[in-house]
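The values are calculated or read from the model by the stated rules, or taken from the named source; none is laboratory data. Because the structure is predicted, anything quoted here is derived from the model rather than measured. As a convention, Cβ positions derive from the backbone with ideal geometry for all residues, glycine included, and neighbour counts pool all protein chains shown.
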Amino acid sequence: MTSESAPGAAFAPHDHRVCAAHALDAAEARIAAEGARMTKVRRRVLEILLESHRAMGAYEVLERLAAEGYGHQPPVAYRALEFLVQHGLAHRLQRLNAFAACLHPERDHAPAFLICRNCDTLAELAAAQVHEVLAGLAAESGFRVERATIEAMGLCPACRGAEAA
C-alpha cells in the first residue's frame, strides 16, 4: 500500500498525480479484462473525477464535459457515470448525491467514505470489517445485506486545525 492509498491519504499532503495515475491505469486494465469499452467520454469523466479527492455531482461533471465540447445533454454525463459505477471505477455517494472515482479499481472491495463537511475532501477506506459487522447485525434480524455504502461526515485534519485556531 503506497502512501497515496493508505487510509486518510486524501487528508495528508501527497502527490495526487500518483493516486490519479494509479487509479486510471488500474481502471483501464479492469475494463480491458472485462471486455468492456472505455470510450473517450467515459475516460474523460473518470479523469475529471480523479482530479481531486472529492465527490462531484452529475451536473458539475456535465458542465465540465460541455465546456470541453462533449455535449450539453444530461444523459452524456449520467451514462458515463452509470458505466463507471457499474464497473467499479466510481462510487455513488448517496448523502452528497454525487460521485467519486474509485481509488482501488483493481479489486472488488467494500469501502467506507470519510467526508469533510467543510471542504468536501473525501477519503476512501477499505472497510471490509465494518461491512462484515453490518451484515452480521442485519442477519440477526433475518435481513441479508446486498449492498451498503458507508459514509461518515466530519472534519478533516486541516479543517479541524482551522476550527481550533
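Quick look at the numbers
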quantity: Output for the range 92-106, where each listed residue is modelled with pLDDT under 90 and either of a type in the set (Gly, Ala, Ser) or touching a Ser or Thr at 6+ places or on another chain (Cβ under 8 Å) (or both); calculated: Gln94, Leu103, His104
quantity: Failed condition for Val85, given (1) aliphatic (A, V, I, L, M); (2) surrounded by fewer than 16 Cβ atoms within 10 Å (Cβ to Cβ); (3) in contact (Cβ under 8 Å) with a residue 40 or more places away in the chain; calculated: (3)
quantity: Search result, residues across the range 42-74 that are closer than 20 Å to Ala112 by Cα and either assigned to a helix (DSSP H, G or I) or in contact with a Lys or Arg (Cβ under 6 Å, 6 or more places away or on another chain) (or both); calculated: Leu46, Leu49
quantity: Scope the range 75-125; condition closer than 24 Å to Glu34 by Cα, in contact with a strand residue (DSSP E or B) (Cβ under 8 Å, 6 or more places away or on another chain) and assigned to a loop (DSSP other than H, G, I, E, B); matching residues; calculated: Leu89, Cys102, Leu103, His104, His109, Ala110
quantity: Any pair with Cβ under 8 angstrom, 6 or more apart, that starts in the range 20-45 at a residue that is among the polar types (S, T, N, Q) and ends at one that is part of a helix (DSSP H, G or I); calculated: Thr39/Ala80
quantity: So Ile150, is it closer than 29 Å to Ile31 by Cβ, surrounded by fewer than 16 Cβ atoms within 10 Å (Cβ to Cβ) and aliphatic (A, V, I, L, M); calculated: yes
quantity: Residue match in the range 4-13 (condition: surrounded by fewer than 20 Cβ atoms within 10 Å (Cβ to Cβ), modelled with pLDDT of 95 or more and either acidic (Asp, Glu) or outside any helix (DSSP H, G or I) (or both)); calculated: no
quantity: Tally of residues being surrounded by 15 or more Cβ atoms within 10 Å (Cβ to Cβ), under 19 Å from the mean Cα position of the chain (by Cα) and small (Gly, Ala, Ser) across the range 109-147; calculated: 5
quantity: Options Arg43, Arg54: the member that is under 21 Å from Pro111 (Cα atoms), basic (Lys, Arg) and modelled with pLDDT of 85 or more; calculated: Arg54
